Structures are given as structure tokens and as C-alpha cells.
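Have a look at the structure below, then the notes.
Read the figures in this text as sums done on the coordinates, not as results from a lab. Fair warning: this is a prediction, and the values are worked out from it, not measured in the lab. In this analysis, Cβ positions are derived from the backbone assuming ideal geometry, glycine residues included, and neighbour counts consider all displayed protein chains.
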Amino acid sequence: MKELEERIKRDGRVLGSEVLKVDSFLTHQVDPELMEAIGRVFADAFKREKITKVVTIEASGIAPALYTAQILGVPMVFARKSKSITMDEELLTSEVYSFTKQVTSQVSISRKFLTSEDNVLIIDDFLANGQAAKGLIELCEQAGAKVAGVGIVIEKSFQTGRALLEDEGMRVVSLARIAGFSNGQVEFAEGDA
Ligand code: 5GP
């Protein structure tokens, strides 16, 4: 997605050898126009799949997931990273190792929001080693829901996430694919959309 790549080039900051900071439009401050455009591309890529729910993980997946869900005309559900006292119903839970925080945490979704009738599109902001997406797939499996695919805003193709998901037969659509970082600059590979 050209517009996204331009924005990453303009506003992204490379931290070390593996991390990209995009807090001015995606992970902290959010650009609604760009998120809507992202939502359109994801919705278009999965329009034939009869998606019934878009599932993501808090916090930075919520913005692109919400626009995607609105355009597909279905609800968006986000997995919570910490249990709230208001979550008093039966929960689906899985363990996710966080690439950026380097801790394992439990993520959960109330069972009532995912059922065996659901055909889910998983959306997330970044794909690194695939642990967040894998945890979300596990939650869907616990509910007996089908997962139609995974939509990623920024894939770091030099990490193992895509291979992990594709080895499980999962369709992965990434809007920007980063081949690597060189001298603080982002080098792109061909994106999926
Ligand atoms: P994974 O679970 O695929 O290893 O990592 C994906 C998760 O880690 C995403 O949900 C995202 O929050 C975070 N993440 C991974 N790499 C980056 C990165 O380069 N920049 C930012 N801002 N977040 C990242």
C-alpha cells in the first residue's frame, strides 16, 4: 500500500536493528484517514470470505481493526491483555509473548463474543515473530470459530511471523512489508495489497 509506505518513510523511526516506531500515526497518535484507507484495503482483500467478526489485540490493533469491521459491516472484538473485574463471564485465554515488552502475558476474550458460527478475520498493527497472531488464532480455535486469514498493517519480513502462520495454512495479507533496516532507513519488500 503506497500511501502507508510513504507514511512509514516520512514519519517512522528505526530503533536498533529490529524495531520500527510509528507512534505518530498508528501506535499512539492515530491518523483516522489513513486507518480508514487501511480498513478499505483489508475489507476488499477479504470481501469474499463472509467474515462475521474482526478480532485484534489491544491496544494498537484496535484502530485498523475497527475501520475494517465497519467497512465489512461486522463487529470488532479485541483481546484484552489484563483481566478487568467487569470480565465476570467465561473467558477464552491464551498466552502471548510480547516482542516489544519481552514478557509473556495472558490475553482473553469473553466466550460470548466468539462462537463456532464465526468466520474471523484477525487484524494487527505489526507482524514480527507471529506470537500475537498465534495467540489470537488459539482463542478462535477454543471457541470453535474458523479463521479466514490474518491482515497485518506492517510486516517485518526479516522475522519469522509469516512463515509460522503460513506453515499453519493461514492466509496472510500485509499492507507494508519491511525487508530490513539499513543505516536507519526502511527497505521495503513487495506488499500484498
Ligand atoms: P509478534 O507477536 O508477531 O512477535 O509481534 C507483534 C506484536 O508486537 C504487535 O502486536 C506489536 O504490538 C508488537 N511489535 C512487533 N514489532 C514491532 C515494531 O517494530 N514496532 C512496534 N511499534 N510494535 C511492534
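A few notes on this one:
- Simple Cβ-charge dipole of the chain, Lys/Arg +1 and Asp/Glu -1, about Cα centre, in debye nearest 20: 100
- Mean separation of Cα pairs under 8 Å and 6 or more residues apart, divided by the residue count, gives the chain a relative contact order of 19 percent.
- Candidates Ile38, Ile71, Ile62: whichever shows maximal mean-square fluctuation once the chain is modelled as a Gaussian network with Cα springs under 10 Å: Ile71
- Restricting the trypsin sites (Lys or Arg not before Pro) of the range 58-140 to loop positions (DSSP other than H, G, I, E, B) with no more than 13 neighbouring Cβ atoms within 10 Å leaves Lys83, Lys101.
- Equivalent ellipsoid semi-axes, the range 2-188, via Cα gyration tensor eigenvalues times 5, rooted, Å: 26, 18, 16
- Listed by chain and number, the aspartates and glutamates whose C-alpha is less than 18 Å from the C-alpha of Lys2, apart from same-chain residues fewer than 8 away, are Asp11, Asp31, Glu33, Glu36, Asp44, Asp125, Glu155, Glu187, Glu190, Asp192.
- Surface/4 of the Cα convex hull for the range 36-77, nm²: 2.5
- Set of lysines near Lys47 by C-alpha distance (under 18 Å), chain-local residues within fewer than 8 positions excluded: Lys146
- Diagonalising the gyration tensor over the Cα atoms of the range 1-68 and scaling each eigenvalue by 5 before taking the square root yields semi-axes of 24, 14, 11 Å, largest first.
- Taking the C-alpha atoms only, the angle from helix 32-45 to the longest principal axis of the chain is near 70 degrees.
- Label zone (Val19, point 7 Å along Cα-to-C-beta; backbone nitrogen cut-off 20 Å) within the range 130-159: 130-133, 153-159.
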